[in-house]
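Here's the structure, in structure tokens; my notes come after.
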Amino acid sequence: MENRHVVIIPIEIDEEKESSYLDAWQEAANVMAAQPGFVRTHMFRTIVPGSKFHLVNVAEWESTAHWEEAMNVCPMLGQQIAVAHASNYEAIRTVLPAPRQDLEPADGHAPASLSPAEARRRVLDGDLTLVDVREDDEWAARHPAGAVHVALSTFPDSLPGLPDGPLAFMCRTGARSVRAGAQALRAGRSAVYSVAGGLRAWEAAGLPVALPERVGPLSDDDRAEAAARED
């Protein structure tokens, strides 16, 4: 979160008004998610009995300027911005950036962007094949539920073996999946997507992951190697 602007908003509210308040907050958050510079926002509920602030909203922006500009579009519902220690709260809602591209298949050599939630819905509906293009060790550590695995390093030779129909490629953060989608488009596939934000965004949205047996946790070297693959 280096150089990013974080807004912490404690909210004093009666419990019986929480549901209606969250509905209003969700509408505002959806507007904010479409604004330039939006990173993510969370709503937390206290787990400490008698806490003055029943809810706390934490929003992250790429810069203060982005946040200030967004305030001209969607005021923060009269919330008071303050600093609060959020370790005693549990996350109950998350909003991710709105997709920056249309959800229809791309015409050129760049795949269209698909949100993790939409990708999951279409997988469950049988309308799309989710393809994890990370390497074998990354797949073994964890992967999105319902996905098939075809490492990007095996492209384009592995492309003919993928199922017919729409394809949504996923990696760790979204960079490799765009490259995989571009190769699929050049190979003649037409309904091709890249899952925005990759596995990070998938997990942040609370979507299921498969956790095969593993001897131990990922080391720092493992994480660094995975990050380097996105470059």
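Structural remarks
- Selection count where residues are aliphatic (A, V, I, L, M) and open to solvent by 20 Å² or more (accessible area, probe 1.4 Å), scope region 172-184: 2
- Pick from region 150-171, criterion touching a residue at least 40 places away in the same chain (Cβ under 8 Å) and in contact with a Pro (Cβ under 9 Å, 6 or more places away or on another chain), ranking: surrounded by the most Cβ atoms within 10 Å (Cβ to Cβ): Phe169
- Subset of region 34-63 [without any contact (Cβ under 8 Å) to a residue 60 or more places away in the chain and open to solvent by 60 Å² or more (accessible area, probe 1.4 Å)]: Pro36, Arg45, Ile47, Val48, Pro49, Gly50, Lys52, Phe53, Glu62
- Selection of first residues in region 3-24 that are basic (Lys, Arg) and of second residues that are in a loop (DSSP other than H, G, I, E, B), restricted to Cβ pairs under 7 Å at least 6 apart or on distinct chains, gives the following pairs, ordered by first then second residue: Arg4/Glu62.
- One residue stands out among those in region 127-149 that are part of a strand (DSSP E or B) and within 18 Å of the chain's Cα centre (by Cα): the one that is surrounded by the fewest Cβ atoms within 10 Å (Cβ to Cβ), which is His143.
- In region 1-33, of all residues being part of a loop (DSSP other than H, G, I, E, B) and under 22 Å from Ser51 (Cβ atoms), the one that is most open to solvent (accessible area, probe 1.4 Å) corresponds to Glu12.
The values are calculated or read from the model by the stated rules, or taken from the named source; none is laboratory data. Predicted model only: the values in this text are computed from it and were never measured. In this analysis, Cβ positions are derived from the backbone assuming ideal geometry, glycine residues included, and neighbour counts consider all displayed protein chains. Just so you know, the surface numbers come from the protein's heavy atoms only, side chains and all, with ligands and any DNA or RNA stripped out. Shrake-Rupley method; radii C 1.70, N 1.55, O 1.52, S 1.80 Å.
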